[in-house]
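To start, the structure itself, in structure tokens.
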Amino acid sequence: MLSTMQDVSLTVTRILKHGMTIHGKSQVTTWTGEAEPQRRSFAEIGERATRLANALKDELGVVGDQRVATLMWNNGEHVEAYFAIPSMGAVLHTLNLRLPAEQLIWIVNHAADRVVIANGTLLPLLAPLLPHLPTIEHVVVAGPGDRSLLDGCAPQVHEYEELIADRPTTFDWPEIDERSAAALCYTSGTTGDPKGVAYSHRSIYLHSMQVNMAESMGLTDQDTTLVVVPQFHVNAWGLPHATFMTGINMLMPDRFLQPAPLAEMIERERPTHAAAVPTIWQGLLAEVTANPRDLSSMSQVTIGGSACPPALMEAYDRLGVRLCHAWGMTETSPLGTMAHPPAGLTPEEEWPYRITQGRLPASVEARLVGPAGEILAWDGESAGELEVRGAWIAGSYYGGAGGENFRPEDKISEDGWLKTGDVGVISADGFLTLTDRAKDVIKSGGEWISSVDLENALMAHPEVAEAAVVAVPDERWGERPLATVVLTEGSTVSYTDLRDFLAQTVAKWQLPERWALVPAVPKTSVGKFDKKVIRKSYADGELEVTEL
Ligand code: ADP
């Protein structure tokens, strides 16, 4: 028997139309570094997005599913591009502005982007790449910045504001198959070439609904979210789409991502929510410890992208800011789990739940796979590789213009599950605890040591600003942990002190013998600890290692 329900395409266009009308008064506020931020209502953003779509079609000749790239900070114009490009049927390709030049070149050529919309302040990055980007025919420049950097470049250059001025404020939006690609985002390629994940209209729509559920971020038009996570990092965790569904106001930091301006933004604009990786919250904590600011408006912060050290959560609890831990990846749109504790618990009872990666929502299925391919129990103890499946989880990777999408067997299982590369346990009530990434786990003798556990234990020490632990080769054990530590200013703590401190919470055989002080932990393009860089500096003998 067929259902009697209407078959309506779930598209980004629907989200745009809804946001710009029903939530027309909600605001996108962009930090400018000047006395006043830029403020635009959803109605204005929607109208400007419509004019941008007309300009892309009529002036730049964008047709079909051509790719339009963005090289932009989080700001009003980037939100406009987010809606204009997919709604006209083209594909939005967000470029990670922190990637090395050769990776950006590889990615743009692989996607065969025709147009790039860039912030003026990023032209020093873009201009030298252009000679290597033969598919780019147009550069559209938005916001302040020195245009002369583009003098003599091959693509045609357009001013964003001039381009969208005097365009029609309506667009005959095409009927779009909800399964077609709306946005394209490449994984950062820590191993091998970057891989393109193409989100569909449908996956974005369903994912936005999940973001808005109370068990996830659960915000409304009474909220303002400070979107620190870049729009090029998995669609800013889905926030720009989710906000247009429910009218959540957005506060966009543009290029002002340093701790001091972030603290000022929070104090002045009083967002109720924010989203960013742990590194950002570490930096902000140091800033407000030195120069106190009122952060109390933020009742909830979504933190993820790498493991949140429990000590960081405690420090923010003391400031009245609750960090809620979430897990996800580029391939999962990214929302996988979020750590809201179950009902009816005291704060002490909630704690063990809060420090997990979180609970699985109804639409994300998970399984744990052991070393021999066996499916493991959800008993909170059996550790295996996490595999997931669902309507906003990637089932293949983009094959490039004219190429076929592909399913590498180390990433997608034969029966279609995404292999996350994360190792962990799941409790009977569906809370996921990651112990490590498969490639970071320390294999010592026959046992596994979690680098993340050691880092969290170390970062609980008051004189440790940051700590990253990696596996290094060891003649006797195969691998042993090397602890690299950043101490707080003026600290005189010794390695033995730190080891004794660790011994209070960590089994003796897991304690690192090798220690090195570093000025800073190297970070990836999205602010995660870059362990391959640490392993390499160790291998190249660049670290001053002390063995206890
Ligand atoms: P990349 O793989 O380049 O770092 P992603 O942003 O897709 O790019 O990273 C996804 C990975 O980040 C996950 O597979 C996981 O290892 C890690 N991660 C994300 N959130 C968390 C979290 N809350 N705790 C621990 N690790 C996390």
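The values are calculated or read from the model by the stated rules, or taken from the named source; none is laboratory data. From a predicted model like this one, the values you see are computed outputs, not experimental measurements. When we count neighbours, we look across all protein chains shown, and the Cβ atoms used for this are built from the backbone with ideal geometry, even at glycine. Heads up: the accessible areas ignore ligands, DNA and RNA and are worked out on the full protein's heavy atoms, side chains in. Shrake-Rupley method; radii C 1.70, N 1.55, O 1.52, S 1.80 Å.
Quick look at the values:
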item: Check on V211, under 24 Å from L295 (Cβ atoms) and either open to solvent by less than 50 Å² (accessible area, probe 1.4 Å) or at pLDDT below 95 (or both); result: yes
item: In the stretch 336-354, residue most open to solvent (accessible area, probe 1.4 Å) [restricted to those that are part of a loop (DSSP other than H, G, I, E, B) and within 15 Å of the ligand (Cβ to nearest atom)]; result: H340
item: Filter result for the condition that a residue is β-branched (V, I, T) and in contact with a Gly (Cβ under 6 Å, 6 or more places away or on another chain), over V301, V288, V277; result: V277
item: Elements of type strands (runs of 3 or more DSSP E) in the stretch 461-548, at least 1 residues being open to solvent by less than 20 Å² (accessible area, probe 1.4 Å) and within 16 Å of the ligand (Cβ to nearest atom); result: 464-474
item: Any hit, the stretch 239-251, residues being in a loop (DSSP other than H, G, I, E, B), free of Cβ contacts under 8 Å to residues at least 60 places away in the same chain, small (G, A, S) and surrounded by fewer than 24 Cβ atoms within 10 Å (Cβ to Cβ); result: no
item: Boolean, L226 is open to solvent by 20 Å² or more (accessible area, probe 1.4 Å), of a type in the set (A, V, I, L, M, F, W, C) and within 29 Å of T420 (Cα to Cα); result: no
item: Any hit, the stretch 431-451, residues being open to solvent by 30 Å² or more (accessible area, probe 1.4 Å), in contact with a Phe, Trp or Tyr (Cβ under 9 Å, 6 or more places away or on another chain) and hydroxyl-bearing (S, T, Y); result: yes
item: Test: residue in the stretch 322-335 that is out of contact with any strand residue (DSSP E or B) (no Cβ under 8 Å at 6 or more places or on another chain) and more than 10 Å from the ligand (Cβ to nearest atom); result: no
item: Among (1) more than 21 Å from the chain's Cα centre (by Cα); (2) within 12 Å of the ligand (Cβ to nearest atom); (3) aliphatic (A, V, I, L, M) - the single one A438 does not satisfy; result: (1)
item: Qualifying residues in the stretch 152-194 (those that are assigned to a strand (DSSP E or B) and within 16 Å of the ligand (Cβ to nearest atom)) - the one most open to solvent (accessible area, probe 1.4 Å); result: Y186
item: Lone unmet requirement of (1) open to solvent by 10 Å² or more (accessible area, probe 1.4 Å); (2) more than 25 Å from the chain's Cα centre (by Cα); (3) assigned by TED's automatic domain parsing to the domain that holds E162 for L60; result: (1)
item: Which listed residue, of D422, D415, D379, is acidic (D, E) and open to solvent by 80 Å² or more (accessible area, probe 1.4 Å); result: D415
item: Contacts under 8 angstrom Cβ, first residue in the stretch 161-187 being more than 21 Å from Q231 (Cα to Cα), partner assigned to a loop (DSSP other than H, G, I, E, B) and small (G, A, S), 6 or more apart; result: P174/G89; E175/S9; I176/S9; I176/G89; D177/S9; E178/S9
item: Strands (runs of 3 or more DSSP E) completely within the stretch 15-100 that count 2 or more residues being in contact with a strand residue (DSSP E or B) (Cβ under 9 Å, 6 or more places away or on another chain) and basic (K, R); result: 38-41
item: Which listed residue, of A307, A315, is within 12 Å of the ligand (Cβ to nearest atom) and either touching a residue at least 24 places away in the same chain (Cβ under 8 Å) or part of a helix (DSSP H, G or I) (or both); result: A307
item: The stretch 223-250, residues that are in contact with a Lys or Arg (Cβ under 9 Å, 6 or more places away or on another chain) and within 19 Å of G304 (Cβ to Cβ); result: P230, F232
item: Condition broken by E34, with the remaining ones in (1) over 17 Å from E77 (Cβ atoms); (2) surrounded by fewer than 16 Cβ atoms within 10 Å (Cβ to Cβ) satisfied; result: (1)
item: Any hit, the stretch 355-370, residues being more than 16 Å from the ligand (Cβ to nearest atom) and modelled with pLDDT under 95; result: yes
item: Among residues of the stretch 63-87, those that are in contact with a Pro (Cβ under 8 Å, 6 or more places away or on another chain) and open to solvent by 10 Å² or more (accessible area, probe 1.4 Å), counted; result: 1
item: Residue count, the stretch 318-329 (criterion: part of a strand (DSSP E or B) and open to solvent by less than 50 Å² (accessible area, probe 1.4 Å)); result: 6
